[in-house]
Amino acid sequence: MNNGAAGSKSLSGSQVISSFIELCQRARSIGPKRLAIAVADDEVALTAAEDALNLGIAHIVLIGNERKIRNKAEQLRLNALLAEAKFVEAKDAAGIAVQMARDGIVDVVLKGHLRTDELLSAVLHKDNGLRTGRLLSDVLLYEDTLSGRRRLVGVTDGGLNVLPDLGKKKQILQNAVEVMRSIGLVCPKMAIMSATEAVSNSVPSTIDAQALVDMCATGEFGNVAVFGPVALDCALLRSAADAKGIRHEAAGYADCMVVPNIEAGNLLGKAVKYLGRSPCAHVVVGAKVPILIPSRVESADDKVNAIALGVIYATR
């Protein structure tokens, strides 16, 4: 395994966020951002919206069929939301949400009662979307305690890019670095994941990992520690790294894991959620505003965490 830059430190004057409680507190201290929910007649999204409103992290814009949205909110007794949210009647809720983001009317867009591909189609529209010229990628955060202390660790990209080549992996890494810096890390430790620490032509992900480490060594990513290829145990457990003779100072303390493909990211993200029982949040970055595409089975609490992350990232 080859070395990258030095280990991570907190941003000057800003404490590293180490839990979702702290994440929501930081979002509240920043002040509310304007959150648009596309096709907002969704029980969990509406519940999360009222929670975010009550926490003081978001002003809410509910887009879609106003009658359906109001009826759902009334059934849920979301009185604060009904009193304070802005309602926007729209048949093409995704398109309107994207337009409002493009025009600077809202700061963050959250998926409601529609498919992810329907929202992303509007986001990626050639003429009317939120393209910036950058690759879009998903960054998930979860609470990790393997090091003996609670901290937020990232996983990317388990949501959008199916089998990224080296060029896309570079952009996925750069997007994730921005997210990790937004939670207070000035020099995040980025683990390039594989099944082994040995660089081998028979495992293509190890070749890409070596290339990304080499890019880091030339300063291409700025103040970042990139190490790999590395398997899961050696990314998160110093004892495993020591047992295998891995000397990189960041081994065992990864701040974010860059996975080789969407299957690995999806499995790892769901494992930390359902097997590790960790709260989670994730955000799609690379567009003009943060896009939140939580799964339909995610809880209202996880959606609030995602809103808080979106608010913080939007203010980075």
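The values are calculated or read from the model by the stated rules, or taken from the named source; none is laboratory data. Keep in mind it's a predicted model, so treat the numbers as computed, not measured. Cβ: placed from backbone, ideal geometry, glycine included. Neighbour counts: every protein chain shown.
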Practice task
Would you tally the residues in segment 236-264 being within 20 Å of His282 (Cα to Cα) and either in contact with a strand residue (DSSP E or B) (Cβ under 6 Å, 6 or more places away or on another chain) or basic (Lys, Arg) (or both)?
Solution key: 6
Problem - Residue, surrounded by the most Cβ atoms within 10 Å (Cβ to Cβ), within segment 235-259, restricted to residues that are farther than 29 Å from Lys168 by Cα and not basic (Lys, Arg) - result: Ala240
Exercise for the section: Filter the helices (runs of 4 or more DSSP H) completely within segment 8-120 down to those with at least 2 residues that are within 18 Å of the chain's Cα centre (by Cα). Expected result: 20-30, 43-55
Problem - Residue match in segment 119-128 (condition: closer than 29 Å to Arg238 by Cβ and surrounded by fewer than 22 Cβ atoms within 10 Å (Cβ to Cβ)) - result: no
Exercise for the section: Output yes when any residue across segment 196-212 is exposed (fewer than 15 other Cβ atoms within 10 Å of the Cβ) and of a type in the set (D, E, K, R), and no when none is. Expected result: no
Problem - Tally, over segment 221-246, of residues that are among the charged types (D, E, K, R), over 20 Å from Val272 (Cα atoms) and without any contact (Cβ under 8 Å) to a residue 40 or more places away in the chain - result: 1
Handout entry: For Tyr274: the one exception among (1) within 18 Å of Thr145 (Cα to Cα); (2) aromatic (Phe, Trp, Tyr); (3) touching a residue at least 12 places away in the same chain (Cβ under 8 Å)
Key = (3)
Exercise for the section: Restricting attention to segment 12-34, report how many residues are under 21 Å from Leu152 (Cβ atoms) and in contact (Cβ under 8 Å) with a residue 24 or more places away in the chain. Expected result: 15
Completion exercise
Cβ pairs under 8 Å, 6+ apart or interchain, first in segment 284-297 and more than 10 Å from Gly159 (Cβ to Cβ), second polar (S, T, N, Q), ordered by first then second residue, are Val285/Ser137; Val285/Asn175; Gly286/Thr132; Gly286/Ser137; Gly286/Gln171; Gly286/Asn175; Ala287/Thr132; Lys288/Thr132
Handout entry: Total residues in segment 172-203, condition out of contact with any strand residue (DSSP E or B) (no Cβ under 7 Å at 6 or more places or on another chain) and under 19 Å from Asn266 (Cα atoms)
Key = 1
Fill in the blank from the handout: When Leu163 is run through (1) under 30 Å from Lys91 (Cβ atoms); (2) at pLDDT 95 or above; (3) surrounded by fewer than 18 Cβ atoms within 10 Å (Cβ to Cβ), the failure sits at (1)
Practice task
Consider Ala281 carefully, then state whether it is closer than 30 Å to Leu166 by Cβ, free of Cβ contacts under 8 Å to residues at least 60 places away in the same chain and crowded, with 19+ Cβ neighbours inside 10 Å.
Solution key: no
Practice task
Could you check, for segment 137-148, whether at least one of its residues is over 30 Å from Gly252 (Cβ atoms), free of Cβ contacts under 8 Å to residues at least 12 places away in the same chain and either of a type in the set (Val, Ile, Thr) or not assigned by TED's automatic domain parsing to the domain that holds Val179 (or both)?
Solution key: no
